[in-house]
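Colleague: Can you read through this structure? Questions will come right after.
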Amino acid sequence: MEILILNGSIHGPSGNCGLLIQALKKNHKKIQWNVVHLHKTSFGPGLFKKITKADAVLCLTGTYWDSWGSPLQKFLEDATDLEARPEILGKPLGVCVLMHSVGGKSVLSRLQGVFSSMGFLLPPMSGMAYSLSGQVALNSKNIHAKDFWCLEDLDVIVANLAMASQNDTAWQTWPVDRKNFRKKWVKP
């Protein structure tokens, strides 16, 4: 099983997303991890090949002013022609959004919508927003802490990505303009 991690954080491997990636590699040794730090990698044939080869994709990002990291935004803009391609259609994808206190759940929901519209498959329980405030609550042993996402929830995401990668469904797509999707259409 190979999972491609797309790290959309502006800090690449040196930030909190980088720490999560290290933990995933340590805790899931049976998985072959392929990590791409989008702050240093542009979408092109090489990254397309990695996405195609992977059994599943896990996208990580921080929350920056109620949005995802700019490297992830650049990837989404450049990878527009992935939409409805057979290489990604139905490929399982999970999302983990980090945040200090607020905004991450909104970012998570929006990202899941973008990736689903592109053609990726979102298995059940394949997204989470992990926060500093949640981590503080979890460390306090408060009875309400059980309601916060915790790092162990990443194990659920990984397990569900593995299960979904065994899916072999002939998905249908809508027509996609592959020739002129960057055309100028404004007529002043």
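Colleague: What residue, among those in the stretch 152-173 that are over 15 Å from Glu2 (Cα atoms) and β-branched (Val, Ile, Thr), is surrounded by the fewest Cβ atoms within 10 Å (Cβ to Cβ)?
Modeller: Out of the qualifying residues, it is Thr169.
Colleague: Say whether the condition of being among the small types (Gly, Ala, Ser) and under 20 Å from Asn160 (Cβ atoms) is met by at least one residue in the stretch 50-58.
Modeller: yes
Colleague: Across the stretch 83-112, what is the number of residues that are farther than 25 Å from Leu132 by Cβ and surrounded by fewer than 21 Cβ atoms within 10 Å (Cβ to Cβ)?
Modeller: Residues in the stretch 83-112 being farther than 25 Å from Leu132 by Cβ and surrounded by fewer than 21 Cβ atoms within 10 Å (Cβ to Cβ): 7 in total.
Colleague: Pull up the stretch 25-72, narrow it to residues that are in contact (Cβ under 8 Å) with a residue 60 or more places away in the chain and part of a helix (DSSP H, G or I), then point me to the one that is farthest from Gly8 (Cα to Cα).
Modeller: Ranking the qualifying residues of the stretch 25-72, first place goes to Asn27.
Colleague: Sticking with this one: Filtering the stretch 127-151 down to residues that are in a loop (DSSP other than H, G, I, E, B) and touching a helix residue (DSSP H, G or I) at 6+ places or on another chain (Cβ under 9 Å), which residue is surrounded by the most Cβ atoms within 10 Å (Cβ to Cβ)?
Modeller: In this case the residue turns out to be Trp149.
Colleague: Output the residues belonging to the stretch 27-64 that are under 14 Å from the mean Cα position of the chain (by Cα), among the aliphatic types (A, V, I, L, M) and either over 14 Å from Val158 (Cα atoms) or surrounded by fewer than 20 Cβ atoms within 10 Å (Cβ to Cβ) (or both).
Modeller: Matches in the stretch 27-64: Val35, Val36, Leu38, Ile51.
Colleague: I would also like to ask the following. Just checking, does the stretch 159-177 include any residue being in a loop (DSSP other than H, G, I, E, B) and closer than 24 Å to Gly104 by Cα?
Modeller: No, the stretch 159-177 contains no residue that is in a loop (DSSP other than H, G, I, E, B) and closer than 24 Å to Gly104 by Cα.
Colleague: A further question follows. If you take the residues in the stretch 76-99 that are in contact with a strand residue (DSSP E or B) (Cβ under 7 Å, 6 or more places away or on another chain) and either outside any loop (DSSP other than H, G, I, E, B) or at pLDDT below 95 (or both), which one is farthest from Ser126 (Cα to Cα)?
Modeller: The qualifying residue farthest from Ser126 (Cα to Cα) is Met99.
Colleague: On to the next question. Are any residues in the stretch 101-126 closer than 22 Å to Arg85 by Cβ and either touching a helix residue (DSSP H, G or I) at 6+ places or on another chain (Cβ under 7 Å) or of a type in the set (S, T, N, Q) (or both), and if so, which ones?
Modeller: Of everything in the stretch 101-126, those that are closer than 22 Å to Arg85 by Cβ and either touching a helix residue (DSSP H, G or I) at 6+ places or on another chain (Cβ under 7 Å) or of a type in the set (S, T, N, Q) (or both) turn out to be Gln112, Val114, Ser116, Ser117, Met118, Leu121, Leu122, Pro123, Ser126.
The values are calculated or read from the model by the stated rules, or taken from the named source; none is laboratory data. A quick note: this is a predicted structure, and the numbers were derived from the prediction, not measured. In this analysis, Cβ positions are derived from the backbone assuming ideal geometry, glycine residues included, and neighbour counts consider all displayed protein chains.
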